[in-house]
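K.L.:
First the structure, which I've put down as structure tokens, then a few questions once you've had a look.
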Amino acid sequence: MITWIIHIIIISSLAFLVFRKLKTSLPTWMFWIGLVMKISAGFVLGWIFYEYYGEGDTISFFEMAKSFDDFATEEPRTQFFIRILTLLVYLSGGSYWITSAWLSFISFTAAWYATSQFSKAFPSIKVLTASCFLIIPSIVFWSSGILKDTLAFAAMMVLIAAILKWYKRINITVYDFIIAVISGYLLFHLKHYLIITCLIFGGLLVSVSLIKKVKSRWKWIIAAMVLALSLISTQFVHPYLKVEKLSWTIYETNRTILEKSDLEGQLDIEIKDASILAVIKEVPKALHAGLFRPSIYDKTPIWGWLHRIENFILTILIIMSVSLYFKRNPPVDTPLFVSALCCILLLAIMLPLATPNFGTLVRYKNAYMPYLFLICSILPYHYLSSKTKE
């Protein structure tokens, strides 16, 4: 009990400091409700896996960290996560629940940091941004507790916020630079494909900005060189993600996931061989799955209803956004919109191809779902707000 009280006091004190440091004009309740939701989600995650499944990544990660055995797995990314987790487990006195609370707090702090930066850049949608980053249930759930995805989500949030600050010319402090470097390091070791996505996002943003804003006749050549440089840099992240091996990597991962999945949990995405044509053939189904599945028509376990409802809402938002865009032709930050949309679609295609399993996919989709929900909500949000004021 004393250990719990000590950690509650420390987390509460740090939360208050974060709230004071990252000031926004958002309602105070959004911060505290978001924090409570995040920590509670981590507890619910642990309870579900302990009580209903009796096994799972969250349990095995904790047990490995508790026994200081990062070599219980040969997977380098898991070993890296276990080493970080070992420190948290030690500081928590070997408590699963306190360790979970700390990871959830780190994830929430990163999400609030991103929310505060987005609010500075786009004050008219600050409440919408906070809702997408802090409140949507599935996003909160799969970025909480003892999972690699929790730290990866936090690192991704910080990196995207840092890129946005640079793009919008918001003052970047030494503190911003340090946490961006740490986040890049974490993401590089936890989720290779996400650091690649960030490199592509940055390259696209610079390239499209040059085309849109620079008047020099050389702008297309310079933009192409910048984009090429960012794409070339992705080839040094991991040998299995190089262009010449990418189709083989996707095929092998796809086959492995299908072999381990029961029929009810499988997506109908089966890559027949390691050729690039076989991968391309499955792209339409993968994109549909990455954006809209599990849908209300899919058969999933009871937990799947949450994702079905959210995907149904997302479908409505996409339809409304496309309709409002062509009817009203609103002003759009073209470089940011194009870059974000390209990276979201890239992940929405690649992840279902490599992980054709509902349980894995809904977890991995967290990498882009906050941004997809935000992009698809902006036009409906402004439209409904204007109608309310009339």
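The values are calculated or read from the model by the stated rules, or taken from the named source; none is laboratory data. This structure is a prediction, so every number in the text was calculated from the model and none was measured. Here the Cβ is made from the backbone with ideal geometry for all residues, glycine too, and neighbour counts use every protein chain on show.
K.L.:
Among all residue pairs at least 6 apart or on different chains, which show Cβ distances below 9 Å where the first residue, located in region 106-120, is in the same structural domain as M30 (by TED's automatic domain parsing) and the second is buried (at least 22 other Cβ atoms within 10 Å of the Cβ) and among the basic types (K, R)?
P.N.:
From region 106-120, the pairs are S107/K38; F108/K38; A111/K38.
K.L.:
Could you list, in sequence order, all residues of region 235-245 that are closer than 19 Å to V283 by Cβ and touching a residue at least 24 places away in the same chain (Cβ under 8 Å)?
P.N.:
L241
K.L.:
Given the options G34, G42, G54, name the one that is exposed (fewer than 14 other Cβ atoms within 10 Å of the Cβ) and not hydrophobic (A, V, I, L, M, F, W, C).
P.N.:
Values: G34 fails: exposed (fewer than 14 other Cβ atoms within 10 Å of the Cβ); G42 fails: exposed (fewer than 14 other Cβ atoms within 10 Å of the Cβ).
Exactly one of G34, G42, G54 is exposed (fewer than 14 other Cβ atoms within 10 Å of the Cβ) and not hydrophobic (A, V, I, L, M, F, W, C), namely G54.
K.L.:
Please count how many residues of region 228-253 are within 24 Å of the chain's Cα centre (by Cα), modelled with pLDDT under 90 and more than 18 Å from I195 (Cβ to Cβ).
P.N.:
Residues flagged as within 24 Å of the chain's Cα centre (by Cα), modelled with pLDDT under 90 and more than 18 Å from I195 (Cβ to Cβ) within region 228-253 amount to 1.
K.L.:
Output yes when any residue across region 202-213 is touching a helix residue (DSSP H, G or I) at 6+ places or on another chain (Cβ under 7 Å) and either assigned to a loop (DSSP other than H, G, I, E, B) or loosely packed, with under 15 Cβ neighbours inside 10 Å (or both), and no when none is.
P.N.:
Residues of region 202-213 touching a helix residue (DSSP H, G or I) at 6+ places or on another chain (Cβ under 7 Å): 202-212.
Filter again for either assigned to a loop (DSSP other than H, G, I, E, B) or loosely packed, with under 15 Cβ neighbours inside 10 Å (or both), leaving 212.
Yes, there is a match, as at least one residue in region 202-213 is touching a helix residue (DSSP H, G or I) at 6+ places or on another chain (Cβ under 7 Å) and either assigned to a loop (DSSP other than H, G, I, E, B) or loosely packed, with under 15 Cβ neighbours inside 10 Å (or both).
K.L.:
Still on this structure: Within region 162-183, is there a residue that is farther than 21 Å from L45 by Cα and in contact with a Gly (Cβ under 6 Å, 6 or more places away or on another chain)?
P.N.:
yes
K.L.:
Within region 71-86, is even one residue surrounded by 24 or more Cβ atoms within 10 Å (Cβ to Cβ), under 16 Å from the mean Cα position of the chain (by Cα), in contact (Cβ under 8 Å) with a residue 40 or more places away in the chain and farther than 30 Å from H382 by Cα?
P.N.:
no
K.L.:
Looking at region 117-169, what helices (runs of 4 or more DSSP H) fall wholly within it and have at least 3 residues that are touching a Phe, Trp or Tyr at 6+ places or on another chain (Cβ under 8 Å) and more than 21 Å from S377 (Cα to Cα)? Spell out how you get there, then give the answer.
P.N.:
Working: elements: 126-134, 137-141, 148-167.
Here the list reads 148-167.
K.L.:
A further question follows. Kindly establish whether I106 is under 30 Å from Q79 (Cβ atoms) and outside any helix (DSSP H, G or I). It would help to see each step written out before you state the result.
P.N.:
Numbers: under 30 Å from Q79 (Cβ atoms): yes; outside any helix (DSSP H, G or I): no.
No; evaluated as a whole, the condition is false for this residue.
K.L.:
Would you check which residues across region 158-176 are touching a residue at least 60 places away in the same chain (Cβ under 8 Å) and within 15 Å of Y368 (Cα to Cα) and list them?
P.N.:
Once the filter is applied, which keeps residues that are touching a residue at least 60 places away in the same chain (Cβ under 8 Å) and within 15 Å of Y368 (Cα to Cα), region 158-176 yields only I160.
K.L.:
Considering A155, A162, which residue is in the same structural domain as A101 (by TED's automatic domain parsing), at pLDDT 95 or above and not basic (K, R)?
P.N.:
Numbers: A162 fails: at pLDDT 95 or above.
The conditions single out A155.
K.L.:
Taking the stated definitions as given, is G184 among the small types (G, A, S), at pLDDT 90 or above and not in a helix (DSSP H, G or I)?
P.N.:
Against the criterion (among the small types (G, A, S), at pLDDT 90 or above and not in a helix (DSSP H, G or I)), G184 does not qualify.
K.L.:
Answer with yes or no whether D333 is among the acidic types (D, E), under 30 Å from K213 (Cβ atoms), surrounded by fewer than 21 Cβ atoms within 10 Å (Cβ to Cβ) and more than 18 Å from the chain's Cα centre (by Cα).
P.N.:
Numbers: among the acidic types (D, E): yes; under 30 Å from K213 (Cβ atoms): yes; surrounded by fewer than 21 Cβ atoms within 10 Å (Cβ to Cβ): yes; more than 18 Å from the chain's Cα centre (by Cα): yes.
Judged against the criteria, D333 is a match.
K.L.:
With respect to the numbered conditions (1) surrounded by 13 or more Cβ atoms within 10 Å (Cβ to Cβ); (2) under 24 Å from V332 (Cα atoms), which one is the sole condition not fulfilled by L186?
P.N.:
In the conditions (1) surrounded by 13 or more Cβ atoms within 10 Å (Cβ to Cβ); (2) under 24 Å from V332 (Cα atoms), L186 misses (2) alone.
K.L.:
Here's something else I'd like to know. Does K191 meet the test of being under 25 Å from I250 (Cα atoms), of a type outside the set (G, A, S) and either at pLDDT 90 or above or not assigned by TED's automatic domain parsing to the domain that holds L231 (or both)?
P.N.:
Working: under 25 Å from I250 (Cα atoms): yes; of a type outside the set (G, A, S): yes; either at pLDDT 90 or above or not assigned by TED's automatic domain parsing to the domain that holds L231 (or both): yes.
Here the answer is yes, as K191 does meet what is asked.
K.L.:
Follow-up question, since we're still on this one. Is it true that S385 is within 30 Å of K212 (Cα to Cα) and surrounded by fewer than 17 Cβ atoms within 10 Å (Cβ to Cβ)?
P.N.:
Values: within 30 Å of K212 (Cα to Cα): yes; surrounded by fewer than 17 Cβ atoms within 10 Å (Cβ to Cβ): yes.
Yes: the conditions hold for S385.
K.L.:
Here's a follow-up. Out of all the residues in region 326-361, which are in contact (Cβ under 8 Å) with a residue 12 or more places away in the chain and aromatic (F, W, Y)?
P.N.:
Hits for region 326-361 are F337, F358.
K.L.:
A further question follows. Return the pair list, or none, for Cβ contacts closer than 8 Å from residues in region 272-296 that are farther than 22 Å from T256 by Cβ to residues that are surrounded by 16 or more Cβ atoms within 10 Å (Cβ to Cβ) and small (G, A, S), at least 6 apart or on different chains.
P.N.:
Pairs that qualify, where the first residue is farther than 22 Å from T256 by Cβ and the partner is surrounded by 16 or more Cβ atoms within 10 Å (Cβ to Cβ) and small (G, A, S), are L291/A348.
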